[in-house]
1. Would you point out the residue of region 225-254, among those that are of a type in the set (Phe, Trp, Tyr) and not in a helix (DSSP H, G or I), that is surrounded by the most Cβ atoms within 10 Å (Cβ to Cβ)?
2. Conditions: (1) in contact with a Phe, Trp or Tyr (Cβ under 7 Å, 6 or more places away or on another chain); (2) under 19 Å from Leu203 (Cβ atoms); (3) open to solvent by less than 30 Å² (accessible area, probe 1.4 Å). Trp158 meets all but one. Number of the miss?
3. Filter region 88-104 for residues that are not hydrophobic (A, V, I, L, M, F, W, C) and not in a loop (DSSP other than H, G, I, E, B); which is farthest from Glu170 (Cα to Cα)?
4. Can you say whether Ala121 is touching a residue at least 12 places away in the same chain (Cβ under 8 Å) and touching a Gly at 6+ places or on another chain (Cβ under 7 Å), as far as the supplied structure shows?
5. For region 211-224, how many residues are farther than 17 Å from Ala121 by Cα and assigned to a helix (DSSP H, G or I)?
6. Taking the condition of being open to solvent by 30 Å² or more (accessible area, probe 1.4 Å) and either hydrophobic (A, V, I, L, M, F, W, C) or assigned to a helix (DSSP H, G or I) (or both), how many residues in region 108-140 meet it?
7. Determine whether Lys74 is at pLDDT 85 or above, surrounded by fewer than 10 Cβ atoms within 10 Å (Cβ to Cβ), out of contact with any Gly (no Cβ under 7 Å at 6 or more places or on another chain) and within 30 Å of Asn205 (Cα to Cα).
8. Which one of the conditions (1) β-branched (Val, Ile, Thr); (2) modelled with pLDDT of 90 or more; (3) part of a loop (DSSP other than H, G, I, E, B) does Ile147 fail to meet, given that it meets all the rest?
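The values are calculated or read from the model by the stated rules, or taken from the named source; none is laboratory data. Computed from a predicted model, the values in this text were never measured in an experiment. Here the Cβ positions follow ideal geometry from the backbone for every residue, glycine too, while neighbour counts run over all protein chains shown. Only protein heavy atoms, including side chains, enter the accessible area calculation; ligands, DNA and RNA are left aside. Shrake-Rupley method; radii C 1.70, N 1.55, O 1.52, S 1.80 Å.
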Amino acid sequence: MQPKTKSKIEVAFIYLFLLVMFILIAYPLLWTIMMSINPGTNMLVTKMIPENPTLEHYAWLFTDPSSDYVIWYKNSLIVAFVNAIGSVILTSLIAYAFSRYKFVGKKYGLYMFLLLQMFPALMGMVALYILLSTIGLIDSLAGLILIYLGGQIPFNAWLVKGYFDTIPKELDEAAKIDGAGHLKIFWTIMLPLAKPILAVVALFNFMAPFMDFLLPRIVLTSPEKYTLALGLFNFINDQFSNNFTRFSAGAILIAVPIALVFLLLQRYLISGLTSGATKG
């Protein structure tokens, strides 16, 4: 087979693969969007292209007295913003220490971070529940945030440390000659240069509370404390509940804050993802 023909076949297979992946991703998303503008609430009578599209389900989420959607949305935004900001602060401090300092146990500390990533979070659910119960943070957003912040440290620390290691130490030494301390070096040199990878950490940790169902299910028990994933589940979890169209409308709106944060951090994300993948 000629190289030119072989190349064309390879390109054709690549495009075919991308087309299949696009269909697998776009089809459920399109169904969800169409279901959210279908009249009625039953999934069995919805159509791919509704004859009488309506926005009544979106209006119901925000205006009906029986809907707690606004409360769930507010809770999710609180957890997401605190988790994103807190993770960036904690991760950058820990990564800076492992990247720039020499101390006893540094090597084993990194191994411990790597080891913790090998175990699924589900294994520690009982221990986390007992811990939160002991300190009185069950059924509170603070307890949920605490688990998120602690659970995401190992992966994020590895990611950011790899990026910090690529920043020349000569910059630190030059700053020290000018009289800068460690905190000033961290704040004025390391953080500005690490904006791309910190943007990646912020986005991933902002998305987590919107997507996660398991942790809120274990920690939160009061409906007024629910996050969106847990609250929307109540629309369809009961055998007599068939609010699939309202569920779809609520699920679509989850993408709004994530898209806004993505657009805000877009200028940093590409370089941050590539750097984290190749240097992390």
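1. For region 225-254, the residue satisfying everything is Tyr226.
2. (3)
3. Of everything passing the filter in region 88-104, Thr91 is farthest from Glu170 (Cα to Cα).
4. Yes: the conditions hold for Ala121.
5. The total comes to 2.
6. Of the residues in region 108-140, 22 are open to solvent by 30 Å² or more (accessible area, probe 1.4 Å) and either hydrophobic (A, V, I, L, M, F, W, C) or assigned to a helix (DSSP H, G or I) (or both).
7. no
8. Just one mismatch for Ile147, condition (3).
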